Amino acid sequence: QSAAGAKKLGIQHGTNTVTLDVFSESEEELTNTGFEVDLTGWTFTEDITSLFLDTFTDSNGVLLENHVPDVDVVGSGWVNVSSSTIEIQSNKARTTLDNQRYYADVGASDVTITCKIITDGDLGNSRPGLLLRYVDASNYWFWIPVSTVAQLYEVTAGAQVLRASVSFGTYGTGPRTVTAVMSGDDFTIDVDGGGLITYNSSAHNTATKFGF
């Protein structure tokens, strides 16, 4: 409400703009647009819809492909595209084996992914990472930490190519929060706000499958 005349203020929060409409007490919209509105102290928020969310809350020993995520809009759950399995342990997805790949179809290619990763030790042997824009076993992206370096790889027609690499300091055992933002052809990936990778490519940019 405005201070004078108790006018009603309707707010529509669009993608990039905030539209303010002032109404009289009779609910008729005023045609006079010569007014100012003081928005000091106001906070505008935009709803963020989770397409996929998993806290890995389940009984120990449940295979990931048999586990039901907290939120799964597409409904396909976790899909195993490797020769070994990952299971739930202490409400975490845990493995001590090599070369596992799991993905979930989130129904969108432009997404923000946030994942907490815990390692058992040396990143020379333990390289937990993210599977990004997965199409099939021969076409996808992946991000991994190696020692003190974060690396982004493109796999197209089965050929693996290192596309970006950046130092981020000692990774440690974690947990470390990895965030990947994909918008159109643009990638942004960081670890705890550091180890920032930015890259631009149209390869697989409509793929909607993501995982680790």
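Each reported figure results from applying straightforward, stated rules to the coordinates on display, with no laboratory input. Computed from a predicted model, the values in this text were never measured in an experiment. In this analysis, Cβ positions are derived from the backbone assuming ideal geometry, glycine residues included, and neighbour counts consider all displayed protein chains.
The length gained by stretching the chain between S76 and A137 to full extension, at 0.36 nm per residue less their Cα-Cα distance, is 20.2 nm. Here r is the Cβ-Cβ distance between R94 and A203 and R0 is 25 Å; the resulting FRET efficiency, rounded to 0.05, is 0.20. Applying 1/(1 + (r/R0)^6) with R0 = 25 Å to the Cβ-Cβ distance of S183 and V62 gives a FRET efficiency near 0.15. For the range 83-107, the residues whose amide N sits under 15 Å from a probe point set 7 Å from the Cα of T55 along the beta carbon direction are 90-93.
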